[in-house]
2 protein chains.
Amino acid sequence: MFDVYRLRPDPDDPRLSQAVSGIDQTGRALETRVIVERPLTLYLNAQEIVTMMTIGDHPEYLAIGYLLNQMMLRRDDVISAVDFDRELDVVVVRTERQTDYEEKLRKRTLTSGCAQGTAFGDLLEAIEGAELAQTLLRTSWLYRLTHVINSTPSLYLAAGAVHGCVLCEEDRPLAYMEDVGRHNAVDKLAGWMFQNRIDPSNKIFYTTGRLTSEMVIKTVRMGIPVLVSRSGFTAWGVELARQARLALIGRARGKRFIALAGGERLIFDQDLDEVAEESRLHRRKAAAADD
Amino acid sequence: MFDVYRLRPDPDDPRLSQAVSGIDQTGRALETRVIVERPLTLYLNAQEIVTMMTIGDHPEYLAIGYLLNQMMLRRDDVISAVDFDRELDVVVVRTERQTDYEEKLRKRTLTSGCAQGTAFGDLLEAIEGAELAQTLLRTSWLYRLTHVINSTPSLYLAAGAVHGCVLCEEDRPLAYMEDVGRHNAVDKLAGWMFQNRIDPSNKIFYTTGRLTSEMVIKTVRMGIPVLVSRSGFTAWGVELARQARLALIGRARGKRFIALAGGERLIFDQDLDEVAEESRLHRRKAAAADD
C-alpha cells in the first residue's frame, strides 16, 4: 500500500524523536517518545534570512521551499548550491542571481494559527494572479487518500505533536512530510517539488493543519488546485480560496467532509456505506504514542 | 458551573465568526460557521512592531501580552495609554519609558509548531533565572478543570479552528482566551494578568496547544508553575521545563495524562473510576461545529 510514495516519513530515524521518562495518571513510571525540535538558520547567499525550529530532516528542501514560498526565490532562479552544516545547524542556498531582501526582512506579518512571519502584501498578489487548473476531484480518491495517509507509519503515530502534509495525485499519495511546524512541512514539500520539477497542476494537497489564509496562499503559490484538511477553516482562508478558484475541503474525518470552495468540481462516486469512521487511534491525535 | 470565570469566550459575538455556505460529503448544501482572522498592527510608542493575524477580541490585552512575552515591556513599565483603532486595525501601547527595539526587530527566530517570531536568545535567559513556586497539584483539580473547560461555551465548540488557553487556580478556571493563533491566546492572557495584577505563583496554565519550547518559555516568563495540555510534547520543551522546574503535563484527555517534568509535585487524590472518557464531541476537534 505504501509503495506509491516517492518520499515518506522515517519514524525510526533516531534524530527525529527521543525517549523521555515520566509518569502517567496513576503515578506509574513510563517512557514515551517525544518529537525533537532544533534550530536551523537559513542563509540566502551572504544574507541571514531566518532561524526556524524544525525536526531537522530535509534541511535543503526546507530552505528552498521557505525561500520560494516567501517569494525570495523565483521559479526561474538557478540554485548553484545548497550547503548544510549539521554541526552548526546552518543551511546556505546559493543562487546565480544576486539577491537582497534587507527591506523585506524588516517587515514581517505574523500569521495566524501555526505560522511563520510573512510579508503578506506580496503574497496576496499570488492570489490575484492565480490561474489554477480547474481539475475535477472524485470523492473516492479523497477517502482512499485519507485511508492510506492515516495508515502510513509516521512520526505522528510514533511520537505525536507534529503536523503532516502530503502531495497526492488522484488516489495516490506521492510525498509525505512532517514537522513540528506545519509551515515547515509545507515548505519542505515545496522544496521537494521544485528540486524534482513536479507538475502541480494535477495534484491534491493534504494537510493536517487548519485552512488559514496563509495555508491557502501557499497552496496557490505552489500551483496546486485542491487543498484538503482534517482540520477546520478560517473565514479569510475561504474567501481567498474562492478568489483564487482553489478547491477547499476541510473537516475531512471518517465519512465526513465539507467543501467551502470549488464544490462544483467534486464527483460523488464513493458509496458512503463502504467508508469506515475514523479509527480511535486517529481521533486520539496527540495521545497516539501511548495507545 | 461557569460563574467561576472572571473572563470567558463569547461565541455569540458576531465579529468573531461568520456563516459561510458550502456542501457536505453527500453534495448537500449546508451553512457552517467559520472563525474570523483579521490583521492587527501593533505599535510600541512610535515604533511599528508587528502585524498579527487574530480573531480580534481583546486587542489591548493581546498588545500588552505580546510585548511582555517578547520582553519589550518590563514588569515595572508604566503603561500610559493603550489606543485601539477598530477602523485601522491598529493598537498603540504607550509607555512612560522610552523604548527602542529596532535591533531586536531585525533578528527573529521563527519558532516551531504554531508560533510567532521570537528573539530566542533573550527568552532563554528567562529559563535560567526562573524561580517558579514549587506548588503541589491535585489530580482531582486536573480532571475537574478539563471537565469545566471542555463544557464551557466557546468559539472552539461553535466554529472550530481555534486554540484556547485558560488560567486556573486549584480546580477553578479563571480566565479563558481563544484565538486562531495559539500564541495570541497566550499573549492575551498575559496582558489580562498584567492589567489585573494577577499573582501567577499559585496558578495552573491550561492550553490546547502543543508543549513546545516556546510555550514553556512563555509560561515561565509569566511566572506560572504548572503547564497542562491536551496535546503532546517536544523534547526541547521537556528539557526547558525541567531546567526551569515547571511542572509539565501533556496528552491530558479523558482519564489519561503524562507528566514529563515535576511529576513529584502531583497528589493522586482522584478515583479514576469516576472519571469519564473524553466525550465524542471533544475528540472530533475540528469537526465540532457540525456535530
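Go through (1) at pLDDT below 95; (2) surrounded by 12 or more Cβ atoms within 10 Å (Cβ to Cβ); (3) over 20 Å from A:Val162 (Cβ atoms) for A:Gln25 and report which single condition fails.
Only one criterion in (1) at pLDDT below 95; (2) surrounded by 12 or more Cβ atoms within 10 Å (Cβ to Cβ); (3) over 20 Å from A:Val162 (Cβ atoms) is unmet by A:Gln25, namely (1).
Does at least one position in region B:211-219 carry a residue that is in a helix (DSSP H, G or I), within 13 Å of chain A (Cβ to nearest Cβ) and either over 18 Å from B:Ala247 (Cβ atoms) or not aliphatic (A, V, I, L, M) (or both)? Reasoning before the result, please.
Here is the first cut: in region B:211-219, the residues in a helix (DSSP H, G or I) are B:213-219.
Add one more test, that the residue is within 13 Å of chain A (Cβ to nearest Cβ), and what stays is B:213-217.
From what's left, either over 18 Å from B:Ala247 (Cβ atoms) or not aliphatic (A, V, I, L, M) (or both): B:213-214.
The answer is yes, given that some residue of region B:211-219 is in a helix (DSSP H, G or I), within 13 Å of chain A (Cβ to nearest Cβ) and either over 18 Å from B:Ala247 (Cβ atoms) or not aliphatic (A, V, I, L, M) (or both).
Please identify the pairs in which a residue from region A:255-271 that is of a type in the set (Val, Ile, Thr) has its Cβ atom under 6 Å from the Cβ atom of a residue that is not in a strand (DSSP E or B), counting only partners at least 6 apart or on another chain.
Qualifying pairs under 6 Å: A:Ile267/A:Leu136.
Taking A:Ile224 as meeting all but one of (1) in a loop (DSSP other than H, G, I, E, B); (2) touching a helix residue (DSSP H, G or I) at 6+ places or on another chain (Cβ under 8 Å), write down the number of the exception.
It fails just one condition, (2).
Would you check which residues across region B:229-244 are surrounded by fewer than 24 Cβ atoms within 10 Å (Cβ to Cβ) and within 19 Å of B:Leu142 (Cα to Cα) and list them?
The answer is B:Ser231, and nothing else.
When both residues are 6+ apart or on different chains and their Cβ atoms are under 6 Å apart, which pairs have a first residue that lies in region B:54-83 and is on the phi > 0 side of the Ramachandran plot, and a second that is assigned to a strand (DSSP E or B) and of a type in the set (D, E, K, R)?
Listed by first residue and then by second, the contacts come to B:Gly56/B:Arg38.
Does region B:240-280 hold any residues that are part of a strand (DSSP E or B) and of a type outside the set (Gly, Ala, Ser), and which are they?
Taking region B:240-280 as the starting set, the residues that turn out to be part of a strand (DSSP E or B) are B:247-253, B:256-261, B:266-267.
Of everything in region B:240-280, those that are part of a strand (DSSP E or B) and of a type outside the set (Gly, Ala, Ser) turn out to be B:Leu248, B:Ile249, B:Arg251, B:Arg253, B:Arg256, B:Phe257, B:Ile258, B:Leu260, B:Leu266, B:Ile267.
For region A:35-56, name all the residues that are in contact with a helix residue (DSSP H, G or I) (Cβ under 6 Å, 6 or more places away or on another chain) and not in a strand (DSSP E or B).
The answer is A:Val36, A:Glu37.
Kindly provide the set of residues from region A:1-31 that are in contact with a strand residue (DSSP E or B) (Cβ under 6 Å, 6 or more places away or on another chain) and closer than 30 Å to B:Val275 by Cβ, ordered by number.
Listed by number, the residues that qualify are A:Ser17, A:Ala19, A:Val20, A:Ser21, A:Gly22, A:Ile23, A:Asp24, A:Gln25, A:Ala29, A:Leu30, A:Glu31.
Does B:Leu174 meet the test of being part of a strand (DSSP E or B), within 14 Å of chain A (Cβ to nearest Cβ) and touching a strand residue (DSSP E or B) at 6+ places or on another chain (Cβ under 6 Å)? Lay out the reasoning, then the answer.
On the way: part of a strand (DSSP E or B): yes; within 14 Å of chain A (Cβ to nearest Cβ): no; touching a strand residue (DSSP E or B) at 6+ places or on another chain (Cβ under 6 Å): yes.
Spelling it out, it is not the case that B:Leu174 is part of a strand (DSSP E or B), within 14 Å of chain A (Cβ to nearest Cβ) and touching a strand residue (DSSP E or B) at 6+ places or on another chain (Cβ under 6 Å).
What's the number of the only condition in (1) outside any loop (DSSP other than H, G, I, E, B); (2) at positive phi that B:Met193 fails to meet?
In the conditions (1) outside any loop (DSSP other than H, G, I, E, B); (2) at positive phi, B:Met193 misses (2) alone.
Before we move on, is A:Arg251 surrounded by 24 or more Cβ atoms within 10 Å (Cβ to Cβ), under 21 Å from B:Ser21 (Cβ atoms), at the interface with chain B (Cβ under 7 Å from one of its Cβ atoms) and out of contact with any Cys (no Cβ under 8 Å at 6 or more places or on another chain)? I'd like the intermediate steps shown before the answer.
Working: surrounded by 24 or more Cβ atoms within 10 Å (Cβ to Cβ): yes; under 21 Å from B:Ser21 (Cβ atoms): yes; at the interface with chain B (Cβ under 7 Å from one of its Cβ atoms): yes; out of contact with any Cys (no Cβ under 8 Å at 6 or more places or on another chain): yes.
Considered against the rule, which asks whether it is surrounded by 24 or more Cβ atoms within 10 Å (Cβ to Cβ), under 21 Å from B:Ser21 (Cβ atoms), at the interface with chain B (Cβ under 7 Å from one of its Cβ atoms) and out of contact with any Cys (no Cβ under 8 Å at 6 or more places or on another chain), A:Arg251 comes out as yes.
Pull up region A:21-34, narrow it to residues that are in contact with a Lys or Arg (Cβ under 9 Å, 6 or more places away or on another chain) and part of a strand (DSSP E or B), then point me to the one that is nearest to A:Arg94 (Cα to Cα). Show your work before the answer.
Filtering region A:21-34 down to residues in contact with a Lys or Arg (Cβ under 9 Å, 6 or more places away or on another chain) leaves A:24-25, A:32.
Okay, now just the ones that are also part of a strand (DSSP E or B), so A:24, A:32.
Details: A:Asp24: 48, A:Thr32: 40 Å.
Among residues in region A:21-34 that are in contact with a Lys or Arg (Cβ under 9 Å, 6 or more places away or on another chain) and part of a strand (DSSP E or B), the one nearest to A:Arg94 (Cα to Cα) is A:Thr32.
The values are calculated or read from the model by the stated rules, or taken from the named source; none is laboratory data. Fair warning: this is a prediction, and the values are worked out from it, not measured in the lab. As a convention, Cβ positions derive from the backbone with ideal geometry for all residues, glycine included, and neighbour counts pool all protein chains shown.
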